[in-house]
């Protein structure tokens, strides 16, 4: 049968059907592409990050007051260095301050005596019972004593500063928790000598702050995201059907080197941070956990 013998109406129907199939194919492709662009790989992180604790001064570890996995409160003792030398420093500074204060008390008592002597010499000179030279000498001794008292006050201030410094050095040998948190790692033990540098952390604390998801988003999709948009978080190692709600809270403004996906298109991506909105009864997410983010 030749095309000329086929009715024109049938040919049109075939052409329309073919066009419909082609349009459906493009629609599915576009939907699939949109779905791919609306997804990203992410990692569970902590708002503000973890805290690495270091010793500000050198010394030997005398006591570990916490253990791995323990919850701690702000100001709680975590670790203590040997305090013998620091306590001696405090004792010496305290003794120096006490000596200066006693010296000042003696000078002030002598000043009262010299003040009375000065008054008597001046009265005697005025009455013609004493010489003006004796009155001048008495006044000079009184002025000299005042100068010594002023110097003693200055020495006391210096001694107080030295005592505060000694107490500060003593306090530095007690490492306290800077925030409420959880002890994730301990890298020292009793007897270790610390050099006081920041070469390695003594402990790592997870502060009691909300978890977030740091996602790497393809640059082709980043312009469509807005803060506050809803998203769905699917942990890669969670059972099927376990989802977590989240909202976009920050969208990066510069390309970063992607490292969560093996897709070549994700070699460079934008960072997007999402705030988790967990529901009661959901399994807890863990730091470092890899998730898939679906932007809704």
Note: among 151, 163, just one is loosely packed, with under 15 Cβ neighbours inside 10 Å, outside the structural domain of residue 68 (by TED's automatic domain parsing) and over 30 Å from residue 295 (Cβ atoms), namely 151
Within 41 Å of the chain's Cα centre (by Cα) and either at pLDDT 95 or above or over 21 Å from residue 53 (Cβ atoms) (or both), is that true of residue 151? no
Just to verify a result, which residue in the range 187-204, among those that are under 18 Å from the mean Cα position of the chain (by Cα) and part of a strand (DSSP E or B), is surrounded by the most Cβ atoms within 10 Å (Cβ to Cβ)? 203
Filter result for residue 65 (in the same structural domain as residue 178 (by TED's automatic domain parsing) and free of Cβ contacts under 8 Å to residues at least 40 places away in the same chain): yes
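Given the structure, is residue 139 farther than 30 Å from residue 52 by Cα and either in contact with a strand residue (DSSP E or B) (Cβ under 6 Å, 6 or more places away or on another chain) or surrounded by 15 or more Cβ atoms within 10 Å (Cβ to Cβ) (or both)?
Yes: the conditions hold for residue 139.
Tally the residues that are more than 16 Å from the chain's Cα centre (by Cα), more than 16 Å from residue 186 (Cβ to Cβ) and outside any strand (DSSP E or B), restricting the search to the range 36-83.
Qualifying residue count, the range 36-83: 7.
The values are calculated or read from the model by the stated rules, or taken from the named source; none is laboratory data. In this text, all values refer to a predicted model and were calculated from it rather than measured experimentally. Note: ideal-geometry Cβ built from the backbone for every residue, glycine included; neighbour counts use all protein chains shown.
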